[in-house]
Amino acid sequence: MDVNLYKGAFHRPLVAFIEEAVNLKELRLRVSAACSYWMNFEYPAANGALVKAISSNTNLDCVVLDGVNFPSSDCKVLAEAAVSGPHLNDLKLRCESSDVFFLRHMAPVAESSYSIFRLEVWYHNEAEEEYRTVKQVTIRNSGLVIRAARFVMGDETSYCARALELVSGHPKLVEMLQHRAAASCDEVKEMIRGALCRIAGMNQFMRAAGVIKETVECCVGRDRETQLDELNEYCWMHIRIYLKVADILDPPLARI
């Protein structure tokens, strides 16, 4: 994109398209040096509008930005979108000083993201520590997707079960299972739902977490209060809203 296009009747339709395109999965935007200079010094609001559009489209899987120089405030918005976006998992930046701003905003919160799968940042020499932090998160998430796929395909170990709930909606999990199972997208999503059901009930959950081998059995308490194994299904499923298999500390049984 050059400066004449950006100054003309192109910017607003572009922003509107990015915001509203529900089927847009991949966005690649390359801006010329002249256009980038003009955006920063003549029309800085253009940057904010573009970042807001990208951040608001939660259907995006992949975003590639080349030559767009954002201020720190816009980089913070983009970093928050990368962390909280349900589908954005592939992000490539080649934006000079903006790359450093982005990494410094992303690194402190990256660990809470289970979506980001691949990150390439061209200019990261001034933020090497932050870059390593974020890259470690992408490595962790890649491993979780692989383990979750193994569980869906029949590996019932606690090691694989612990990964499933964290990445059950990840686009890369669907993609990987489509390849491994030679199945359609809808078939794979049904397989994932079935796998989640296999760790839903109390006994299933506790086995998946490595806490028990067979069934939950509690000793009768002196106060005769309701024990864990006496909870009905409704109560247990309410607890499961707040509890994942990965929340249970890894006991010795989980390594069997």
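The values are calculated or read from the model by the stated rules, or taken from the named source; none is laboratory data. Note that the structure is a prediction, hence the values are computed from the model and not measured. Using ideal geometry, Cβ is built from the backbone for each residue, glycine included, and neighbour counts are taken over all protein chains shown.
Details
- Filter result (among the charged types (D, E, K, R) and surrounded by fewer than 21 Cβ atoms within 10 Å (Cβ to Cβ)) within the range 166-214: 175, 180, 186, 187, 189, 190, 193, 198, 213, 214
- Residues that are over 14 Å from residue 68 (Cα atoms) and of a type in the set (D, E, K, R), drawn from the range 82-129: 90, 104, 111, 118, 120, 126, 128, 129
- If you go through the range 59-114 and keep only what is more than 11 Å from the chain's Cα centre (by Cα) and among the aromatic types (Phe, Trp, Tyr), you end up with 70, 101, 102.
- Residues (among the charged types (D, E, K, R) and not in a helix (DSSP H, G or I)) located in the range 227-244: 244
- Residue list for the range 166-202, restricted to those being assigned to a loop (DSSP other than H, G, I, E, B), more than 14 Å from residue 150 (Cα to Cα) and free of Cβ contacts under 8 Å to residues at least 60 places away in the same chain: 182, 183, 184, 199, 200, 201
- Test: residue in the range 1-15 that is at pLDDT 90 or above and either touching a strand residue (DSSP E or B) at 6+ places or on another chain (Cβ under 9 Å) or of a type in the set (Val, Ile, Thr) (or both): no
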